[in-house]
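Taken together, the values in this text are just the output of simple stated rules run on the coordinates, not laboratory data. Every value quoted in this text rests on a predicted model; they were computed, and no experiment measured them. When we count neighbours, we look across all protein chains shown, and the Cβ atoms used for this are built from the backbone with ideal geometry, even at glycine.
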2 protein chains.
Amino acid sequence: MAEIATVVDNYIAAWNESDQERRRSLVSETFTEDARYLDPLVAGEGADGIETMIAGVRGAYPGHVFRLVSGPDAHHDRVRFTWQLHGENGPVATGIDFATVAEDGRLQDVTGFLEQPAA
Amino acid sequence: MAEIATVVDNYIAAWNESDQERRRSLVSETFTEDARYLDPLVAGEGADGIETMIAGVRGAYPGHVFRLVSGPDAHHDRVRFTWQLHGENGPVATGIDFATVAEDGRLQDVTGFLEQPAA
């Protein structure tokens, strides 16, 4: 069973991976084959769909990097963590992800929320 | 279909209701009959189980009041919000709840996380 901290590290790594094959491999280490991802802006179904979704977001934010900023905080089969998307001039987005974790330790169903930018 | 803000207000009201019958009624307005609740400390299955769980938590915190402090923030069939449990001398716990929402607008599956107390 994969440790949740490793799974979340690989999740962030998948979002940062420019090589399609390596990204798909990281998605497989992170998500079950039938996993789902849903946030206010994008959605992906299945590991292939999630890889394609990540590629699309990466294309929209060239040169940006995702960083884990808090968590993972896990209990039972649930986990949450917070990430930021950094550009040249600092963070451009902050999100909090909630997920259910499958028995093998991979993510099954991920919901992302976006924090409102500070006024 | 119930508005999510009303559902979350009734959810908080259920946690604050001392009368068993009124509390059970608020739980029915808030949760589907087969709903589940899970946080690091307590769990409840079904509307009856959730009502009993809430009664147990209320018994452990006499004189305390739950307050919604942020949200609800919803997209698709997902919602999150933050609450605090207040005692005589201020908040004793802060939690963030994440839920899936059924087609009728009620909560289907609620996961609570507890914020770490400030150092």
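Peptide packing for A:64-73, B:16-25, A:3-12 was compared via the average number of neighbouring C-beta atoms within 10 Å per residue; ordered from the highest value, the list is A:3-12, A:64-73, B:16-25. For A:ASP104, the point set 7 Å out from Cα toward Cβ sits 3.7 nm from its twins in the other copies, listed from shortest up. For the stretch A:84-95, putting each phi into the Karplus relation 6.51 cos²θ - 1.76 cosθ + 1.60 with θ = phi - 60° gives couplings of 10, 9, 9, x, 4, 9, x, x, 10, 7, 10, x Hz, in residue order, rounded to whole numbers and with x for Gly and Pro. Where chain A is carried onto chain B by rotation, the Cβ closest to that axis, with its residue and distance in Å, is A:PHE98, 2. In this assembly of identical copies, the label point of A:VAL65 (Cα plus 7 Å along Cα-to-Cβ) is separated from its counterparts by 4.7 nm, sorted shortest first.
Rg over Rh for the stretch B:4-114 works out to 0.93, using Cα positions for both radii and the Kirkwood form for Rh. Label point of A:ALA43 set 7 angstrom out along Cα-Cβ; within the stretch B:73-103, amide nitrogens under 18 Å from it belong to B:74-80, B:99-103. Each other copy places its own label point for B:GLU21 at 7.1 nm from this one, sorted shortest first, where the point lies 7 Å along the Cα-to-beta carbon line.
Annotation: amide H of A:PHE31 within the under-5 Å range of A:LEU107, sequence separation 5 or more or interchain, hydrogens built in the peptide plane. The mean count of C-beta atoms from other chains within 10 Å of the C-beta of residues in B:66-75, rounded to a whole number, is 2. The separation of the stretch A:19-36 from the stretch A:56-119, counted between C-alpha centres, amounts to 16 Å. For the stretch A:62-119, state what percent of all Cα-Cα pairs lands in each successive 5 Å bin, counting from 0 Å until the bin that includes the largest distance. Values per bin, smallest distances first: 4, 18, 24, 21, 15, 10, 6, 2, 0.
Across the stretch B:82-98, the residues whose backbone nitrogen lies under 14 Å from the label position 7 Å along the beta-carbon direction of B:ARG67 are B:82-95.
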